[in-house]
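Reviewing the structure listed below.
The values are calculated or read from the model by the stated rules, or taken from the named source; none is laboratory data. Given the structure is predicted, the values throughout are model-derived calculations rather than measurements. Positions of Cβ are backbone-derived with ideal geometry, glycine not excepted, and every protein chain shown enters the neighbour counts.
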């Protein structure tokens, strides 16, 4: 079966991990890796794994899009350059999966709203690793009863956080907080990130607090959370409920862990995995639609 | 730095009652109490005063507790009563944001501690640069400093200096350090930092070492010392300012503070408002000994009571699992996991 050809923009941790995920896909084929530093570990590894590479940034890729039949691009650069990358790619009819906190397209968490977006947009945003790990739980509670406020705390191993994320923590905070409301369904949202340097590195942990408007229905909420955990496990096998839900008045507390598959970084970097796995799943869903001929990407005329 | 009055001061003291002290009061200090304390601080000649939620900007949360009032309300109240004292606040990237920093400036905040864990300085460049752009007095605040080597800490301080920090703080968040640890770190920092960059020390008294550590810091070259009148702060509290000033006077070092006014303030204002006696006790001592973040104290006591586990056991376990500041959610998680493990042991 023909696979949809993909380009990866950004050769950092996320871009490099994506190569592994996409190479395993039934529907996607990674053909290009775009970086800006010829000596970067990510570009070298991409070349070893059989991808074409350029260190000339996005402009090094554009002339090859048509000949190489690239239809989907994953952007794992930074919020500051994403809009420009996306515009250039969309003009050539390439759909962009955005793994930066730029969030110019609709926000997507696969088990919650992927179906709404497949085929309806040329740019999909994956929010953040913490967003992918926690918003399913917020949504699981909000689907039972209204949530006034949701707060998430993501603890990440220092070794799993690249320089881009470190230098732009505010964007992470804003984008994730916003998505807790828009996608998770809480009225107010707040996201906190902690970077822990413990050695050996700690596995990604996430705590989700929801304040429901009325007394929480403990049985229904617990069932809903367990079912959602199962949904996420379909594409992130290391997604695990460690403790909870704990009910305390109107507060529901859920303590999660995300172990990665150990593709590019070791298993502690569940944050990397859940981000790349979510992006990959999103692209696969769109690719399936394309292969079935239900979706045809058109070059966007951007004013 | 023009905003701080250095006349007669070899050491610039920054009081923490209204920020670190918020931890010891479960974030429940009233605007009235803030006014009373700020006014006494100003009148005692303390040059700097930190104000805000215990966790700083963005601190109001289920994770860190909701304060009685917003940071803006606190800053406005304090601004009204201070004359010479400079108001500062705390920003931990990942929790607080630059938007909140700009708001703080609008409400009279003129100095900021931009805080990261002692190995993660590179999460602070945006925030330090933003504070400098606002023309604030900016400190890079390296928390849990005992968890990095003197050389490693010096590298982190150098990074913060490169982003624009004018002072680099060694922050003994766990109250775990000994004077020799402090001296080594100050000296290494002094070797790598520019001549104009100051060094600060922020102590906690969990092992009863806060004054000795602060004096060691000063003797090794630090010029900024954080403390709080009456020691109102997380864990066994911060370096008690009145005692520190008395020691400085005996050593002939100028702080510009009025010792008797500080004593009166501790006795008449701070001690009566304490909900628990902030002192070296079993829980705070074990934090210092095990190297656990001081703010975990009251959370661990609460969770320990809820689940019937000795808080000390939880704190030791948190230390073993290398939890750092900001991971307060892991206190309940750790307790729940301990219960599961203990019930398994019983079942076997």
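Taken over region B:83-103, the residue count meeting the criterion of being part of a loop (DSSP other than H, G, I, E, B), away from chain A (no Cβ under 14 Å) and buried (at least 22 other Cβ atoms within 10 Å of the Cβ) is 1. Among the residues of this structure, residue B:63 counts as one that is surrounded by fewer than 24 Cβ atoms within 10 Å (Cβ to Cβ), facing chain A (nearest Cβ under 10 Å) and in contact (Cβ under 8 Å) with a residue 40 or more places away in the chain.
Of all residues in region A:154-185, exactly one satisfies the criterion of being within 9 Å of another protein chain (Cβ to nearest Cβ), more than 24 Å from residue A:124 (Cα to Cα) and not in a helix (DSSP H, G or I), namely A:155. Only one of the listed residues (B:78, B:112, B:138) is buried (at least 24 other Cβ atoms within 10 Å of the Cβ), away from chain A (no Cβ under 12 Å) and more than 17 Å from the chain's Cα centre (by Cα). That residue is B:78. With respect to residue A:271, determine if the residue is part of a helix (DSSP H, G or I), in contact with a strand residue (DSSP E or B) (Cβ under 6 Å, 6 or more places away or on another chain) and either buried (at least 21 other Cβ atoms within 10 Å of the Cβ) or in the same structural domain as residue A:117 (by TED's automatic domain parsing) (or both). Judged against the criteria, residue A:271 is a match. Looking across B:222, B:217, one residue alone is modelled with pLDDT of 95 or more and part of a loop (DSSP other than H, G, I, E, B). It is B:222. Given the criterion closer than 16 Å to residue A:32 by Cβ, without any contact (Cβ under 8 Å) to a residue 24 or more places away in the chain and outside any strand (DSSP E or B), identify the matching residue among A:85, A:67. The conditions single out A:67.
Among the residues that make up region B:193-208, is at least one of them part of a helix (DSSP H, G or I) and touching a strand residue (DSSP E or B) at 6+ places or on another chain (Cβ under 8 Å)? It would help to see each step written out before you state the result.
Residues of region B:193-208 part of a helix (DSSP H, G or I): none.
No, region B:193-208 contains no residue that is part of a helix (DSSP H, G or I) and touching a strand residue (DSSP E or B) at 6+ places or on another chain (Cβ under 8 Å).
For region A:203-230, give me each residue that is part of a loop (DSSP other than H, G, I, E, B) and either within 9 Å of chain B (Cβ to nearest Cβ) or over 29 Å from residue B:95 (Cβ atoms) (or both). Passing the criteria: A:214, A:215, A:217. Taken over region A:186-197, the criterion of being buried (at least 19 other Cβ atoms within 10 Å of the Cβ) and more than 7 Å from chain B (Cβ to nearest Cβ) is satisfied by A:186, A:189, A:191. For region A:231-239, the count of residues that are within 14 Å of chain B (Cβ to nearest Cβ), surrounded by 19 or more Cβ atoms within 10 Å (Cβ to Cβ) and either in contact with a strand residue (DSSP E or B) (Cβ under 7 Å, 6 or more places away or on another chain) or more than 26 Å from residue A:107 (Cα to Cα) (or both) is zero. Taking (1) within 14 Å of another protein chain (Cβ to nearest Cβ); (2) under 23 Å from the mean Cα position of the chain (by Cα); (3) over 28 Å from residue B:217 (Cα atoms) in turn, residue B:305 satisfies each apart from (2).
Would you check which residues across region A:283-295 are touching a helix residue (DSSP H, G or I) at 6+ places or on another chain (Cβ under 6 Å) and in a helix (DSSP H, G or I) and list them? Result: A:285, single match. Tell me yes or no: at least one residue of region A:205-218 is in contact with a helix residue (DSSP H, G or I) (Cβ under 9 Å, 6 or more places away or on another chain), crowded, with 22+ Cβ neighbours inside 10 Å, in contact (Cβ under 8 Å) with a residue 24 or more places away in the chain and within 26 Å of residue A:12 (Cα to Cα). Checked region A:205-218: at least one residue is in contact with a helix residue (DSSP H, G or I) (Cβ under 9 Å, 6 or more places away or on another chain), crowded, with 22+ Cβ neighbours inside 10 Å, in contact (Cβ under 8 Å) with a residue 24 or more places away in the chain and within 26 Å of residue A:12 (Cα to Cα). Of note, residue A:200 satisfies the criterion of being surrounded by fewer than 21 Cβ atoms within 10 Å (Cβ to Cβ), within 14 Å of chain B (Cβ to nearest Cβ), over 16 Å from the mean Cα position of the chain (by Cα) and not in a helix (DSSP H, G or I).
Flag set for residue B:299, criterion: within 21 Å of residue B:64 (Cβ to Cβ) and within 14 Å of chain A (Cβ to nearest Cβ). Within region B:281-294, identify whether any single residue is out of contact with any strand residue (DSSP E or B) (no Cβ under 8 Å at 6 or more places or on another chain), over 30 Å from residue B:41 (Cβ atoms) and within 14 Å of chain A (Cβ to nearest Cβ), and answer yes or no. Checking region B:281-294: at least one residue is out of contact with any strand residue (DSSP E or B) (no Cβ under 8 Å at 6 or more places or on another chain), over 30 Å from residue B:41 (Cβ atoms) and within 14 Å of chain A (Cβ to nearest Cβ).
Considering region A:127-153, and only residues there that are farther than 18 Å from residue A:194 by Cβ and either assigned to a strand (DSSP E or B) or out of contact with any helix residue (DSSP H, G or I) (no Cβ under 8 Å at 6 or more places or on another chain) (or both), the residue that is nearest to the other protein chains (Cβ to nearest Cβ) turns out to be A:149.
For region A:169-185, filtering for residues that are touching a helix residue (DSSP H, G or I) at 6+ places or on another chain (Cβ under 8 Å) and surrounded by 21 or more Cβ atoms within 10 Å (Cβ to Cβ) leaves 10.
The set of residues in region B:13-33 that are farther than 17 Å from residue B:278 by Cβ and buried (at least 24 other Cβ atoms within 10 Å of the Cβ) comprises B:13, B:14.
Which ones in region A:7-42 are assigned to a strand (DSSP E or B) and either surrounded by 24 or more Cβ atoms within 10 Å (Cβ to Cβ) or touching a residue at least 60 places away in the same chain (Cβ under 8 Å) (or both)?
We begin by selecting, within region A:7-42, every residue assigned to a strand (DSSP E or B); these are A:7-9, A:28-34.
Matches in region A:7-42: A:7, A:8, A:9, A:28, A:30, A:33, A:34.
From the list B:212, B:220, B:243, the lone residue that is within 24 Å of residue B:29 (Cβ to Cβ) and surrounded by fewer than 24 Cβ atoms within 10 Å (Cβ to Cβ) is B:243.
Condition check ((1) touching a helix residue (DSSP H, G or I) at 6+ places or on another chain (Cβ under 9 Å); (2) part of a helix (DSSP H, G or I); (3) at pLDDT 95 or above; (4) under 19 Å from residue B:3 (Cβ atoms)) across all residues:
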site	(1), (2), (3), (4)
B:105	yes, yes, yes, yes
B:109	yes, no, yes, yes
B:112	yes, no, yes, yes
B:115	no, no, yes, no
B:122	yes, yes, yes, no
B:132	yes, yes, yes, yes
B:135	yes, no, yes, yes
B:140	yes, no, yes, yes
